[in-house]
1. Could you tell me whether Arg77 is in contact (Cβ under 8 Å) with a residue 12 or more places away in the chain, touching a helix residue (DSSP H, G or I) at 6+ places or on another chain (Cβ under 8 Å) and closer than 22 Å to Ser177 by Cβ?
2. Quick check: anything in segment 71-94 modelled with pLDDT under 90, of a type in the set (D, E, K, R) and exposed (fewer than 10 other Cβ atoms within 10 Å of the Cβ)?
3. Which of the following residues is over 26 Å from Tyr81 (Cβ atoms) and either surrounded by 14 or more Cβ atoms within 10 Å (Cβ to Cβ) or modelled with pLDDT under 75 (or both): Gly149, Gly162, Gly132?
Amino acid sequence: MDPQLAEFVARLRAGVTPGTGTPQNALYTVDSAAAHAPELDVPAEGVHVQGVWDVSEAALRTVVADPEDTWTADLGRTDYYVRGQLCVQVTRAEHRVVGIYRSGWAIARRPDETWADTPDSLDRTGAKPGGGGTRYPTNRRELLRRLRGAGFEVTTSGPTHGKITHPDVPGRFLPFSSTPSSQRYGRHVVTAVKRVFGIDVR
């Protein structure tokens with residue numbers, strides 16, 4: 001028998017009630033009392049710079065704290081924040097600056113928003129809802145419908161994008177991008193939801 005399981009059974013037999021909360025060091029655990037994003041890490045080197053000179057750390061923090069536009073790229077690994085003539089690329093996991101760009105340069109390279117809720121969004125992706133073999137959501141509206149139908153709570157706006165949570169799995173969450181960078185976003189979200197929450201929404 002697995003030693004952890006044996007210890008668990010022994011504790012139950014001894015009348016010790018096990019704690020059912022999420023472990024403090026568990027992956028995807030968040031402090032629900034935190035009202036703001038983590039402190040922005042601005043490294044002294046290793047930052048990609050394009051078309052920007054002599055920008056202060058305070059200016060970078062202002063762009064990230066109060067952006068005029070944002071989008072997600074690299075399959076949800078980095079977020080771009082634009083304010084005025086400045087664009088800052090930040091890793092989502094570490095909240096570390098990895099790129100500083102002139103906003104025009106970055107916007108010109110912004111990924112297509114193939115998941116926009118527009119009447120022709122399905123035509124542009126080539127997907128047809130309910131078609132033969134369709135198991136993954138083909139647009140943002142369908143993804144939200146499936147998630148909420150399975151009991152998930154989805155916030156679609158926030159200081160660093162939205163969030164997917166489930167009341168039966170407290171302490172775990174997934175980020176929800178308002179501007180996904182790929183038409184495969186539905187497949188990625190469905191796969192991540194199955195991995196993190198154990199719920200299949202296909």
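The values are calculated or read from the model by the stated rules, or taken from the named source; none is laboratory data. Just so we're clear, the structure is a prediction, and the values are computed from it rather than from any experiment. So basically every Cβ, Gly included, is an ideal-geometry build from the backbone, and we count neighbours across all protein chains shown.
1. No.
2. Looking through segment 71-94, none of the residues is modelled with pLDDT under 90, of a type in the set (D, E, K, R) and exposed (fewer than 10 other Cβ atoms within 10 Å of the Cβ).
3. Going through Gly149, Gly162, Gly132 in turn, the sole match is Gly132.
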